[in-house]
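The block underneath contains the structure these notes are about, expressed in structure tokens.
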Amino acid sequence: MIFAFFVQNSFGQISIRSITGQLYDSNTKEPLVGGSVVVKGSTKGVSTDANGKYSIAVSGAKSVLVFKFIGYNSQEIEVGTKSVIDAALVSSATDLAQVVVMGYGTQKQRDVTGSVKSVKSEGFNKGIINSPEQLLQGKVAGVNVTSSTGEPGANQGITIRGPGGLRTGSTPLFVIDGLALDNSSTGGGNPMNFLNPQDIESIDVLKDASATAIYGARGANGVVLITTKKGKAGVSTMDFSTSYGFSTIANPLPVLDATEFKKQVVAAGGTLEDFGGNTNWQDQITRTALTKNHNLNLSGGANKLTYFAAFGAQMQQGILKNNQLDRLTGRMNVNQKLWDDRISIDANLSYSSSVNERPAIEGLLGTALSNNPTLSAYETDGVTPSKFLNASNPLLTLQLFKDLNTTNRFIANISPSIKLAKGLVYRLNYGYDNSTSVRDVESLASLVPKQDGRLDTYNTSNKNELIENYLTYDQTIGDHSFTALIGHSYQKIQYQWRTWSINKFPIVPIDPIYNPGLGQELTLATNKPGGTAFINELQSFYGRLNYNYKEKYLVTGTVRADGSSKFGANNKYGIFPSFSLGWRISEEDFLKNSTAISNLKLRGGWGKTGNQEIPPKITQPLYSATVSGTSSYPLDISSTYPAGITYTRLANPDIQWEVSVQSNIGLDFGFLNGALNGSIDAFRKVSNNILLEVIPADPVQPATSVWTNVKNMEILNSGVEMDLDYKFQTRSGLKFNVGGNLTLIKNEVTGSPYTVIPSGSASGSGLTSATINGYINGQPIGTFFLKEFVGFDDKGMSVYADTDKDGIVTDKDRIAAGTALPTTQYNFFGNVNYKGFDLSLQFNGVSGNKIYDNTANSTFYKLKIAKNSNVTPASFADTKESINNAAPVSTRYLKDGSFLRLNNLTLGYQFNTQKLGISKFISKARLSVTGQNLWVATKYDGFDPEVNKDNSINGVLSYGIDYLSYPKAKSFIIGLNLTF
């Protein structure tokens, strides 16, 4: 018996042996780095190294190795007697075979009939990234992502094929792993900051109505589908990445130094106030900011269970002092299969906690730009900030003001599915999203400058619950294939906001945030608590049919019915249909064997989508219990006003959905055996039933403003998009990829019954009653509606065009002077790889747009320098101008907003871990250096041409205004990525 055991054990040991080899591209012979080699039927597997090589132990001659690499067909090879096995994988012509995430399912790229663009993680932007929108900037034609401020964690503007509403915004719907998010911010900042960009596998952008109609009421602005990373069966890996970034102000404004300042004050006829210093105030409030980012990922699994776990920490300093955003994230994604794979359960959990500290940005910048440079920043000890009687020291502002926001967000969704019959699958999707924030804004008590001290606290919570049930049926009969989807969705969003405050804190070292009870004044006049709360509900029924005949002729039809609690009883439901057609010309007999044309597909679509992004409750009546002479009335001849409830707003059950009707025709093409790929799309999107808050026409209506659908008013977006991508590989090991995209777009407002809808309130002393933007028939959204500056008269005073020729210049003489919306968006990129080295760069640019420089309008003009306030040289460049000349809002401060930016430049090196002798422990190691915002070509002379200060009026959106915007940073990042 002992002998038998010995023999069996000996033979078992003898049968285990090591297999080595290389994984490479069958066409170019290039090694495939990071491919997987798995022993079939087991959990044993390894990844290929930087040279595509591997080593794996097998238990016998009948073992089968499975070779896999993304974008290639897998291959199985029986071991037999071989000790060296090389595998040449064949490309799956993968641009066509790629899986694209659609609403409630996936499709192969070759079968897509709508306008959809997928960006994988390897194609994302690099650098200091806070939110998913930044990953997409410049990657997708028709998608305009604007970082309108350089502040860490600030909102990112994103529009898909132009804005379609005056008041409702243009932010697309974001869907993460099947959970549709609410776009409401919790506590300020970008609501998408909770998501760690390192956790994202792919982002799919649905642009036209035939693709977005499956999301109905929320698809008018496009849909962004985000898929997070998942584990892979057979391979267990641990990835660690770390990076350190250094950021400085990219373009400080050229205000005068002390020497030039003293000269120009005298030249302007002012009385010089010389305090003997020479201070660069921009240098005093800015710094070289450090960003640290660390991520640890664990992934793997067996045939029935896969997992992905991620932990991330980012600590980012802003280039303005006392500005920092810290974020901690955690994620767990699990997939479990049961009952011979008939049941599949996807579970995703994520948690994030962020702490955002902000200074008083506008006040800080305004003081730093205009302060007399002869003032000294510090007392003689070089440490204590100077105190001035008739001026402010921004260093004291940094000490006395704090804005601290802490946000916690938890998201979970579970999605089990069961195969009921051949081709028939039922899926349940339950999602839960809960975010809470506490924002404390404090001003510390001080003698100089004199202030009592105040603490304001804001508590916000936002809970989003989603439950969906849907059936999918796939069937192929001969040359006919179809997929049918039918489902139901219910979503409930609960939002609550509360605030309170307290005044008059003593001058003590205790921070009021941690002991509000130190405040000595609490009155209803100055500290009345406030708050708001609402519940929004959305119920939907939807269906879709995809039909494919002979892999040549494609049809997709979609319909969704949405019912929203935001609308009244008469129009609670809206129906949003769409259809699209596709013809794969390259599959026809006359092209099927073509070596020049590898792909040619014509597609076209039409559809309706809706927009429900209006305030809640506006269709419901509003009452007031306030007793006063304006809200109550006597019931007899006396003057006594009795208690009672009165209407302050009547019911409005007739408000309808804002609707966008969009048509699209596109051509997808591939040439040179798939080396050159691209697409061209022409689109037309018309938004009608425009929702707007207006003065009521009904004399009985007690409300000062009501919401309505503006009859006959439309917003048109039309244009052309083009994407190109060329890839080339040589046998010597050189690999490069170049490409880009171009968008030409026109926006126009038509049918408005109003002469002008004003927006864009000007900021600054003496300017606050003026407006900058105007919505006008025949002009784009974001039009600048201004008096036309034509020069100076013989007294040095400004002259404006009298356009109506009535002999006086008034607001009636304002003109449409251009738009903040770019008419051309373009982006191009390049990637080169050679023997472990890789270099990538990306440029993005816009043209046809203008910027209103409200900063210069309020801060930099000739009178300011005469009064010992600092300015830029442009302020006094025209010698004809009088120092007594006023600076009202006009085209004088309207500037060209076009730019071309080198957004990303990355140089990396992939170490050969096998040659270093560490491949047993570290399978991959990569070191990289990234430059972000390295160069900008623009005529704009502000901090940066990519700006958009929100100066909305009554919710009507403003565009293209620059007022003391947080400066953009130039950054350099050193990163290290390790795979174990």
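Since every read-out is calculated from the coordinates, none of them should be taken as a lab result. Computed from a predicted model, the values in this text were never measured in an experiment. Counting neighbours? That spans all protein chains shown, and the Cβs are built from the backbone with ideal geometry, glycine included.
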Inter-label distance for Ser55 and Lys292, nm, one decimal - labels placed 7 Å from Cα along Cα-to-Cβ: 3.7 nm
At 20 °C and 1.002 mPa s, what whole-number value in µm²/s does Stokes-Einstein give for the translational diffusion of segment 423-478, with Rh from the Kirkwood sum over Cα pairs? 129 µm²/s
If you place +1 on the Cβ of every Lys and Arg and -1 on the Cβ of every Asp and Glu, how big does the dipole about the Cα centre of segment 314-438 come out, in debye to the nearest 20? 640 debye
Mark the label point 7 Å from the Cα of Val790 along Cα→Cβ and return the residues of segment 892-907 whose backbone N is within less than 12 Å of it. none
Taking the dipole about the Cα centre of the chain, with the C-beta of Lys and Arg at +1 and of Asp and Glu at -1, give me whichever of Asn335, Ser26, Ile285 is farthest to the positive side. Ser26
Please compute the Kirkwood hydrodynamic radius over the chain, one decimal place, Å, based on all pairs of different Cα atoms. 31.6 Å
Stretch gain in nm, segment Lys920-Ser446, where the contour uses 0.36 nm per residue and the Cα spacing is subtracted: 164.4 nm
Rounded if a/c is under 1.5, else prolate if a/b beats b/c, else oblate: with a ≥ b ≥ c from the C-alpha gyration tensor eigenvalues square-rooted, which is segment 257-329? prolate
Residues Lys292, Lys862 arranged by fewest to most Cβ contacts within 10 Å: Lys292, Lys862
Holding the Cα-Cα limit at 29 Å, pick out from Lys387/Lys867; Lys207/Lys337; Lys229/Lys402; Lys139/Lys920; Lys207/Lys812; Lys29/Lys920 the pairs that are longer than that. Lys207/Lys337; Lys229/Lys402; Lys139/Lys920; Lys207/Lys812
Using DSSP to call loops (not H, G, I, E or B), can you name the trypsin sites (Lys or Arg not before Pro) in segment 878-980 whose Cβ has at most 16 other Cβ atoms within 10 angstrom? Lys880, Lys915, Lys920, Lys939
Paramagnetic label zone (point 7 Å from Cα along Cα-to-C-beta, Asp698; backbone N under 14 Å) in segment 543-572: 568-570
Around Phe505 (Cβ within 14 Å, Cβ-to-Cβ, excluding Phe505; K/R +1, D/E -1) the net charge comes to -2
Assuming 0.36 nm per residue, please report the length gained on full extension of the stretch Leu305 to Phe275 beyond their Cα-Cα distance. 3.5 nm
Give the residue from Leu821, Ile411, Tyr72 lying farthest towards the positive end of the charge dipole for the chain; charges sit on Cβ (+1 for Lys and Arg, -1 for Asp and Glu) and the dipole is referred to the Cα centre. Tyr72
In order over segment 806-823: 3J(HN,Hα) from phi, Karplus 6.51/-1.76/1.60, θ = phi - 60°, whole Hz, x for each Gly or Pro, gives 9, x, 10, 9, 10, 5, 5, 8, 5, 10, 7, 10, x, 10, 7, 7, x, 8
Once you charge only the Cβ atoms, +1 for Lys and Arg and -1 for Asp and Glu, what is the size of the charge dipole of the chain about its Cα centre, to the nearest 20 debye? 2560 debye
Final fewest-first order of Leu298, Leu786, Leu338, Leu65 on the 10 Å Cβ neighbour count is Leu338, Leu298, Leu65, Leu786
Which Cα, out of Pro172, Ser752, Thr768, lies furthest along the positive dipole direction of the chain (beta carbon charges, K/R +1, D/E -1)? Pro172
Please give, to one decimal in nm, the separation of the simple spin-label points placed at Asp257 and Asp804, each 7 Å out from Cα toward the Cβ. 5.1 nm
Could you tell me the calculated FRET efficiency between Arg684 and Ser624, based on Cβ-Cβ distance and R0 = 51 angstrom, to the nearest 0.05? 0.65
By how many nm would the segment from Asn777 to Asn884 grow when fully extended, if each residue of separation counts as 0.36 nm and the alpha-carbon distance is taken off? 34.8 nm
Inter-site label distance for Ala877 and Thr755 at 7 Å from Cα along Cβ, in nm: 3.5 nm
